[in-house]
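The values are calculated or read from the model by the stated rules, or taken from the named source; none is laboratory data. Note that this is a predicted model, so its numbers are computed, not measured. No Cβ is skipped: glycine too gets one built from the backbone with ideal geometry, and neighbour counts run over all protein chains shown.
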There are 2 protein chains.
Amino acid sequence: MSLAEFALIDRIRARSKGRDDIVLGIGDDAALLQPLAGHWLAVTADTLNSGVHFPPETLPADIGWKTLAVNLSDLAAMGATPAWGTLALSLPEASAAWIDAFADGFFALADAHDWRLIGGDTTRGPLSLSVTAFGQVPHGQALRRDGAQVGDDIWVSGTLGDAAGALALWQRGELDVTRPAADAETEFLRQRLLRPVPRVQLGLALRSIATAAVDVSDGLMADLGHIAARSGVAAHVDADLLPCSTALQRVLGSEAARSCGLQGGDDYELCFTAAVTSRRRLLALSGELGISLTRIGAMLHGEGVHCPGSGAVHGYVHFLSPPMAAGDQS
Amino acid sequence: MSLAEFALIDRIRARSKGRDDIVLGIGDDAALLQPLAGHWLAVTADTLNSGVHFPPETLPADIGWKTLAVNLSDLAAMGATPAWGTLALSLPEASAAWIDAFADGFFALADAHDWRLIGGDTTRGPLSLSVTAFGQVPHGQALRRDGAQVGDDIWVSGTLGDAAGALALWQRGELDVTRPAADAETEFLRQRLLRPVPRVQLGLALRSIATAAVDVSDGLMADLGHIAARSGVAAHVDADLLPCSTALQRVLGSEAARSCGLQGGDDYELCFTAAVTSRRRLLALSGELGISLTRIGAMLHGEGVHCPGSGAVHGYVHFLSPPMAAGDQS
């Protein structure tokens with residue numbers, strides 16, 4: 001660990017708040033935590049690499065937000081309350097300004113969920129960010145992928161395809177991720193790509209309602225495929241019911257919007273299954289939380305994900321561009 | 001997530017064993033774990049980057065071992081029993097052969113400590129490996145850095161400087177890290193660099209003896225400096241008492257050996273403080289565990305780390321070479 005590395009860690013440590021269940025925070029060989037009695041620990045880990053998971057020019061504050069958001073989204077999909085986590089940060093050069101801006105985005109989201117950074121590592125290397133996030137969920141109440149039943153409805157929160165739409169605009173050179181777009185619709189899509197909102201409150205509320213859940217990170221078809229495979233049933237989706245935003249449809253057209261909605265990743269909405277008898281509760285919940293919930297299909301006997309008329313459908317591939325020149329490193 | 005990424009994760013998942021306290025392992029949005037009642041959770045995170053923390057040509061099995069070893073060493077320094085953890089693996093290209101060899105080294109060490117991989121992420125990018133490791137320690141029994149008292153002895157396990165010695169040979173072109181060395185002494189040093197053994201059993205035994213502990217990852221002077229700073233006392237080391245291996249002294253000479261022992265990192269021995277009244281117990285423990293324990297100094301009033309006659313001493317800097325060409329990434 002170099003002196004520069006120590007200085008960077010200090011800048012991050014200064015932004016990390018305490019919590020009653022943190023016995024010892026950043027600064028020893030390990031942090032010490034007091035888990036809640038009667039709860040399971042939910043643990044997830046996701047990495048973002050520059051040029052693979054976000055455009056290389058993305059502003060550090062947006063990278064900070066998204067780095068944590070994708071992990072809190074996994075906790076949301078388990079019905080877990082966010083608690084603590086670690087950050088492994090690899091940076092090409094030690095830059096206090098970069099770290100401070102990154103921390104602005106990262107801790108804005110962390111603080112909103114009382115999630116605390118309790119450890120990590122800063123190393124020199126190509127820009128890469130790995131978070132391991134812990135949440136807690138009462139015994140037996142976790143949302144898993146394997147509980148969907150034949151006859152269950154399939155639901156999704158919010159709108160799908162917005163992030164993929166923004167990425168498509170960026171790839172065509174029609175979107176600058178570093179500044180607000182001139183028109184409101186493109187700006188909405190840009191925000192959906194850069195600042196996804198993990199559906200934590202929704203995940204907690206779904207503990208007693210959903211039979212299975214997943215977050216939409218790799219695309220609806222791929223992620224719903226996980227529920228189908230692990231539950232041993234088939235998912236049938238009606239593409240006409242897919243919730244696509246007005247912004248996406250106006251900017252890309254309705255055909256491309258539907259394709260983004262089915263296949264596009266990075267929206268971090270929740271896709272879940274629930275019994276038909278839960279419809280009324282879910283519509284009430286939608287009103288309470290101010291999050292739209294849309295019924296898009298049903299689980300039936302069989303296997304796989306079926307979406308008549310949608311053509312060939314695949315999971316989202318997390319590579320924005322040809323692999324970066326990685327040098328001779330292994 | 002690409003199909004190739006799924007396939008790599010499957011290869012790793014196939015090597016991950018279960019444990020009674022793993023409610024749900026790899027394969028959902030998050031793993032679910034049942035922490036031990038009456039215990040704190042110890043959490044640490046360390047990243048290794050190719051060309052920064054190990055020579056780029058290092059064999060994948062050796063990288064796998066070391067990736068986990070450096071993290072278990074942090075748990076050892078807390079007196080925590082290793083339990084579970086996550087791995088974020090960034091690879092330039094999807095290679096099943098590389099993953100399998102990496103897993104050979106990684107799981108050899110994991111299995112030896114009943115440590116279980118319960119999640120992670122595989123992404124494309126320059127070779128980088130981040131582990132977040134969890135251990136458990138009974139309430140109030142953790143080894144911290146801040147408990148050293150004036151008058152305490154300073155102890156270290158094993159020998160110091162071997163890994164730095166091997167690195168020096170490699171930098172001079174006198175050591176090939178990819179194959180056994182011709183002579184036994186150089187081979188000993190090579191193993192110390194590539195296959196450090198985390199002092200887990202020692203850490204557990206020290207719970208009731210040590211007043212403070214740290215693992216020697218950045219060099220004795222730097223790491224002992226953490227104990228001194230956080231405990232508010234000064235550390236006085238007698239360089240003549242430093243345990244350097246015969247191999248290191250024969251290969252590098254006694255002057256260079258001492259310098260490696262004081263400043264060299266990557267040995268992953270434990271440095272700890274204990275009351276003078278614990279000397280007999282520690283010598284007995286050394287015999288029981290078959291690990292040499294050497295008393296190298298004492299904690300006194302004041303601050304900093306003092307080592308008369310050793311000249312200028314600094315912490316270890318984890319950069320093998322000039323920073324890698326990282327491209328235009330941020």
Within the stretch A:14-31, restricting to residues that are within 22 Å of B:Ser231 (Cβ to Cβ) and surrounded by fewer than 14 Cβ atoms within 10 Å (Cβ to Cβ), the one that is modelled with the highest pLDDT is A:Gly18
I'd like the residue in the stretch A:113-152 that is farther than 30 Å from A:Gly38 by Cβ and surrounded by fewer than 21 Cβ atoms within 10 Å (Cβ to Cβ) and, out of all such residues, is farthest from the other protein chains (Cβ to nearest Cβ).
A:Gly151
Could you run through the stretch A:217-255 and say how many residues are of a type outside the set (Gly, Ala, Ser) and within 11 Å of chain B (Cβ to nearest Cβ)?
5
Flagged pairs (Cβ under 6 angstrom, 6 or more apart or on separate chains; first in the stretch A:122-149, at negative phi; second at pLDDT 95 or above and aromatic (Phe, Trp, Tyr)) are A:Phe134/A:Trp84; A:Val137/A:Trp40
The lone condition B:Met299 fails out of (1) in contact with a Cys (Cβ under 9 Å, 6 or more places away or on another chain); (2) over 14 Å from B:Thr159 (Cβ atoms) is (1)
Could you figure out which of (1) closer than 25 Å to B:Gln249 by Cα; (2) at pLDDT 95 or above; (3) surrounded by 14 or more Cβ atoms within 10 Å (Cβ to Cβ) isn't true of B:Leu300?
(1)
Just to be sure before I move on: is B:Ser330 modelled with pLDDT under 75, within 30 Å of A:Pro55 (Cα to Cα), touching a helix residue (DSSP H, G or I) at 6+ places or on another chain (Cβ under 7 Å) and of a type outside the set (D, E, K, R) in the structure I sent?
yes
Residue by residue through the stretch A:13-30, note down the ones that are outside any strand (DSSP E or B) and more than 8 Å from chain B (Cβ to nearest Cβ).
A:Arg13, A:Ala14, A:Arg15, A:Ser16, A:Lys17, A:Gly18, A:Arg19, A:Asp20, A:Asp21, A:Gly25
For A:Thr44, which of the numbered conditions (1) modelled with pLDDT of 95 or more; (2) hydroxyl-bearing (Ser, Thr, Tyr); (3) over 22 Å from the mean Cα position of the chain (by Cα) fails to hold?
(3)
Out of all the residues in the stretch A:240-258, is one or more touching a strand residue (DSSP E or B) at 6+ places or on another chain (Cβ under 7 Å), under 19 Å from A:Arg145 (Cβ atoms), assigned by TED's automatic domain parsing to the domain that holds A:Pro198 and of a type in the set (A, V, I, L, M, F, W, C)?
no
Picking from A:Thr58, A:Thr86, A:Thr67, the residue that is of a type in the set (Val, Ile, Thr), buried (at least 18 other Cβ atoms within 10 Å of the Cβ) and facing chain B (nearest Cβ under 8 Å) would be A:Thr86
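Here's the yes/no breakdown for (1) under 30 Å from B:Gly140 (Cα atoms); (2) without any contact (Cβ under 8 Å) to a residue 12 or more places away in the chain; (3) under 14 Å from the mean Cα position of the chain (by Cα):
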site: B:His53; (1), (2), (3): no, no, yes
site: B:Leu59; (1), (2), (3): no, no, no
site: B:Asp62; (1), (2), (3): no, no, yes
site: B:Leu68; (1), (2), (3): yes, no, yes
site: B:Ser73; (1), (2), (3): yes, no, yes
site: B:Ala76; (1), (2), (3): yes, no, yes
site: B:Gly85; (1), (2), (3): yes, no, no
Residues satisfying the stated conditions in the stretch B:158-186, i.e. within 25 Å of B:Asp111 (Cα to Cα) and free of Cβ contacts under 8 Å to residues at least 40 places away in the same chain:
B:Arg179, B:Pro180
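Per-residue answers, yes or no, for (1) at pLDDT 95 or above; (2) over 21 Å from B:Leu32 (Cβ atoms):
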{"site": "A:Phe6", "(1), (2)": "no, yes"}
{"site": "A:Leu33", "(1), (2)": "yes, no"}
{"site": "A:Pro60", "(1), (2)": "yes, yes"}
{"site": "A:Asn71", "(1), (2)": "yes, no"}
{"site": "A:Ala80", "(1), (2)": "yes, no"}
Kindly evaluate A:Ala96 against the criterion of being buried (at least 24 other Cβ atoms within 10 Å of the Cβ) and among the hydrophobic types (A, V, I, L, M, F, W, C).
no
Return the residues of the stretch A:249-274 that are over 24 Å from A:Leu72 (Cα atoms) and either touching a Ser or Thr at 6+ places or on another chain (Cβ under 7 Å) or of a type in the set (Lys, Arg) (or both); say none if nothing qualifies.
A:Arg250, A:Val251, A:Arg258
Strands (runs of 3 or more DSSP E) contained entirely in the stretch A:191-284, each with at least 2 residues that are within 20 Å of A:Val70 (Cβ to Cβ) and modelled with pLDDT of 95 or more:
A:210-215, A:270-274
Restricting the stretch A:70-83 to residues that are part of a helix (DSSP H, G or I), of a type in the set (A, V, I, L, M, F, W, C) and at the interface with another protein chain (Cβ under 8 Å from one of its Cβ atoms), the residue that is farthest from B:Asp121 (Cα to Cα)
A:Ala77
Can you confirm whether A:Ala103 is more than 8 Å from chain B (Cβ to nearest Cβ), without any contact (Cβ under 8 Å) to a residue 24 or more places away in the chain and surrounded by fewer than 24 Cβ atoms within 10 Å (Cβ to Cβ)?
no
Can you tell me which of A:Ser73, A:Ser95, A:Ser157 is within 30 Å of A:Asp240 (Cα to Cα), among the hydroxyl-bearing types (Ser, Thr, Tyr) and not assigned by TED's automatic domain parsing to the domain that holds A:Ser254?
A:Ser73
Please verify whether the stretch A:31-47 includes one or more residues that are in contact (Cβ under 8 Å) with a residue 60 or more places away in the chain, within 30 Å of A:Arg179 (Cβ to Cβ) and more than 7 Å from chain B (Cβ to nearest Cβ).
no
Given (1) of a type in the set (D, E, K, R); (2) part of a helix (DSSP H, G or I); (3) in contact (Cβ under 8 Å) with a residue 24 or more places away in the chain; (4) out of contact with any helix residue (DSSP H, G or I) (no Cβ under 9 Å at 6 or more places or on another chain), index of the condition A:Asp10 fails:
(3)
